[in-house]
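Right, one structure below, let's go through it.
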Amino acid sequence: MQDVKNLVGMLALTVERHTERPALWDPQPDGSYRTWTYAQLWRDIRRVASHLLERGIGAGDFVGLIATTRAWWPIADFAIMSLGAHTVPVYPSVPSNQVQYILAHAGTRAVFVENAEQLEKVVAEQANLPKLEFVVVLDEIADTALERARAHWPVYRFRDWLARDAGLDAPAWEGRWRDLTPNHLATVVYTSGTTGNPKGVCLTHGNLVANVEGIRHVVRLNPEDRSLSYLPLSHIFERTAGQFVPFQAGSSIAYSRGMRYITEDFQKMPPTVFTTVPRLLEKVYDAVQAQLHAAAGMKRRMMERALELGMAARVEGQPVSRAELAMYDRLVLSRVRRAMGGRLRAVIVGGAPMPLYVGRFFTALGIPVAEGYGMTETSPVVCANFPENPRLGTAGKVLPNLEVRIADDGEVLVRGPSVTPGYLHNEEATREAIDEDGWLHTGDIGELSEDGYLRITDRKKNLIVLSTGKKVVPAAVEGAILQNPFIDQALLIGAGRKFVSVIVVPNEEAVGRWFSEQGRAVPRERWHEDPALADFLLGQVLAATKDFARFEQPKKLLVAREPFTVENDLMTPTLKVRARQVLERYREEIEALYQEAAETVTETAPA
């Protein structure tokens, strides 16, 4: 990129080149979209920056941002960073005690909050936020909802800040952001973590600009592209790949109204590129499989033949009749593509490993999926697949401006300009993560091909070591189990035990049909007590894992009382299962399961 030292300068180049092109499409309550051109986006960033500066925010200050993904996010984010201050994003799904920890640990002087719900979280912890000086509310909110907050701090409305400047003219503002060096801190992103308090990952302007530059060599966007953004911008994957990368290319970003409306949003704002976590793609796969199982006669045969042809031609590279493929593509496969807008040329997948069957399925449909790998500490992308030619089963090719090597114990090590300088106020954690030679120890186990493609097999800490000394890598086993239509979520357990077991969350639709076929009506809240269901699902698990070694195959199964979700604290905001929380939640059932197995062995042992 042309002599770009910081993120604001990167956006400034785009504004100069694509002044009147659309930058943002923001959904409104009446179903319409408000549009910002790049010129209007730049104007509003400066206006918000001017109000922040008027209230004393400047270089070195920390400013919180608690909001869902909408146009207000990049406006506030760039306004904060343009002054040399540091954005501290907070997931809107986290409870008030975690909000308090993050804001207090960073020492935030101001915070942007989306609505009354997020404002209340801050107010509830006001006694623990001595450095907080004022609050800005992003969405419309009644004055009555502001009364409690105003007892502690000045509270401002974002709409008022967008309506006028506060005295910071363009030359003075430009002087501020042009002085920001690549080493200047841009943001502190607190990792959601699966245990303990989150760590604040420091990312500089240089880190993030380098990552955008690296991604550009693999995923090439242009001004004609439009992305649909639904993941939280609190997550660095969406912020970099779904915001900074499109901004650098002059593309536009349409914001989804959320997962509940994602299907409608695909039709309203059909994207050409889309960043997502695997879970959404798994849901599309499950929906198509459910339609396939429910179909009969000619319709079912057509669906099966269409998928067979797509798999042979697009995944396995086998010769097929082009005319037959074209016919089935038009009649069957294109319907799924239209459900996702019909214009997708690249789906960028990150945040968690994508099951191989999901990648094969979407490739067969004619939707290019490009899986990548990274972590917050690497800004975040380390490697990514080329959308036009993905190597399924890998996390992609290492970005050209990064180095990756595999340690003797199989751990993936990363070094380069997008690697964090360390953790905020935590030198010990920084020393543990980054060695003297600058290699970041990722905690992931992987394999690197000779031509630079990385395959992640699991997390080091996820490795299950049985009492027999055997080691089980759970990700592969769980991935096989999740292909079964009766199972939505699976967690392998058994560390220190003689064998592995699995906790599963049933697919409600499929298992509901199974109960009906059995002539039984069992309410969902009682499924975990039903031994027949547990036996049936264990049979499904054994069939799914038949190709694994015997010690890797689950011998026992628990049916979860409820799905693993962010709301019940069994998943992180980035949709990773909190294994330790699940183990603690089901501690008694797990003990009973293994005790039952031990008693069975004792009872059947020869005298």
Check on Ala532, touching a helix residue (DSSP H, G or I) at 6+ places or on another chain (Cβ under 8 Å) and part of a helix (DSSP H, G or I): no
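Is it true that Phe78 is under 17 Å from Leu129 (Cβ atoms), at pLDDT 95 or above, among the aromatic types (Phe, Trp, Tyr) and buried (at least 22 other Cβ atoms within 10 Å of the Cβ)? Give the derivation first.
On the way: under 17 Å from Leu129 (Cβ atoms): no; at pLDDT 95 or above: yes; among the aromatic types (Phe, Trp, Tyr): yes; buried (at least 22 other Cβ atoms within 10 Å of the Cβ): yes.
So Phe78 does not fit the description; no.
Yes/no per residue for (1) among the acidic types (Asp, Glu); (2) in contact with an Asp or Glu (Cβ under 8 Å, 6 or more places away or on another chain):
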{"site": "Glu529", "(1), (2)": "yes, no"}
{"site": "Ala532", "(1), (2)": "no, no"}
{"site": "Leu542", "(1), (2)": "no, no"}
{"site": "Val559", "(1), (2)": "no, yes"}
{"site": "Asp569", "(1), (2)": "yes, no"}
{"site": "Thr574", "(1), (2)": "no, no"}
Single residue of Val505, Val522, Val541, Val511 found to be farther than 17 Å from Leu491 by Cβ, within 32 Å of the chain's Cα centre (by Cα) and of a type in the set (Val, Ile, Thr): Val511
From the options Glu436, Glu427, Glu450, Glu411, residue that is of a type in the set (Asp, Glu), assigned by TED's automatic domain parsing to the domain that holds Pro353 and either surrounded by 19 or more Cβ atoms within 10 Å (Cβ to Cβ) or in contact with a helix residue (DSSP H, G or I) (Cβ under 7 Å, 6 or more places away or on another chain) (or both): Glu411
Scan of the range 383-421 for residues that are of a type outside the set (A, V, I, L, M), within 25 Å of Ala186 (Cβ to Cβ) and over 22 Å from the mean Cα position of the chain (by Cα), ordered by number: Pro400, Asn401, Glu403, Arg415, Gly416, Pro417, Pro421
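Has the range 315-329 got any residue that is surrounded by fewer than 16 Cβ atoms within 10 Å (Cβ to Cβ), part of a helix (DSSP H, G or I) and of a type in the set (Gly, Ala, Ser)?
Looking through the range 315-329, at least one residue is surrounded by fewer than 16 Cβ atoms within 10 Å (Cβ to Cβ), part of a helix (DSSP H, G or I) and of a type in the set (Gly, Ala, Ser).
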Neighbours by Cβ (under 7 Å, 6+ apart or cross-chain): first from the range 118-136, more than 14 Å from Arg150 (Cα to Cα); second of a type outside the set (Gly, Ala, Ser) and not in a helix (DSSP H, G or I): Gln118/Ile66; Gln118/Pro92; Lys131/Thr108; Lys131/Arg109
Residue list for the range 235-284, filter: more than 30 Å from Thr204 (Cβ to Cβ) and polar (S, T, N, Q): Thr263, Gln267, Thr272
All positions within the range 450-482 that are touching a strand residue (DSSP E or B) at 6+ places or on another chain (Cβ under 6 Å), modelled with pLDDT of 80 or more and assigned to a helix (DSSP H, G or I): Pro474, Ala475, Val477, Glu478, Ile481
Count - residues of the range 416-431 that are free of Cβ contacts under 8 Å to residues at least 12 places away in the same chain and in contact with a strand residue (DSSP E or B) (Cβ under 8 Å, 6 or more places away or on another chain): 1
Residue in the range 168-189 that is among the charged types (D, E, K, R) and touching a Leu at 6+ places or on another chain (Cβ under 9 Å) present: yes
Residues (out of contact with any Ser or Thr (no Cβ under 9 Å at 6 or more places or on another chain) and of a type in the set (Gly, Ala, Ser)) located in the range 338-375: Gly359, Ala364, Ala370, Gly372
Given (1) in a helix (DSSP H, G or I); (2) without any contact (Cβ under 8 Å) to a residue 60 or more places away in the chain; (3) farther than 25 Å from Thr565 by Cβ; (4) under 24 Å from the mean Cα position of the chain (by Cα), index of the condition Arg159 fails: (4)
Selection from the range 279-330 of residues that are within 28 Å of Ala352 (Cβ to Cβ) and among the charged types (D, E, K, R): Arg279, Glu282, Lys283, Asp286, Arg314, Glu316
Failed condition for Pro417, given (1) more than 27 Å from Arg580 (Cβ to Cβ); (2) buried (at least 19 other Cβ atoms within 10 Å of the Cβ); (3) in contact with a helix residue (DSSP H, G or I) (Cβ under 6 Å, 6 or more places away or on another chain): (2)
Residues located in the range 183-192, provided they are within 16 Å of the chain's Cα centre (by Cα) and not in a loop (DSSP other than H, G, I, E, B): Val189, Tyr190
Complete set of residues in the range 16-35 that are touching a helix residue (DSSP H, G or I) at 6+ places or on another chain (Cβ under 7 Å) and either among the hydroxyl-bearing types (Ser, Thr, Tyr) or crowded, with 20+ Cβ neighbours inside 10 Å (or both): Thr19, Ala23, Leu24
Residue list for the range 375-400, restricted to those being exposed (fewer than 14 other Cβ atoms within 10 Å of the Cβ) and at pLDDT 95 or above: Pro400
Subset of the range 555-569 (residues that are within 18 Å of Ala352 (Cα to Cα) and either buried (at least 21 other Cβ atoms within 10 Å of the Cβ) or in contact with a Ser or Thr (Cβ under 7 Å, 6 or more places away or on another chain) (or both)): Phe564, Val566
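The values are calculated or read from the model by the stated rules, or taken from the named source; none is laboratory data. Every value quoted in this text rests on a predicted model; they were computed, and no experiment measured them. Neighbour counts are summed over all protein chains in view; Cβ atoms, including those assigned to glycine, are modelled from backbone coordinates with ideal geometry.
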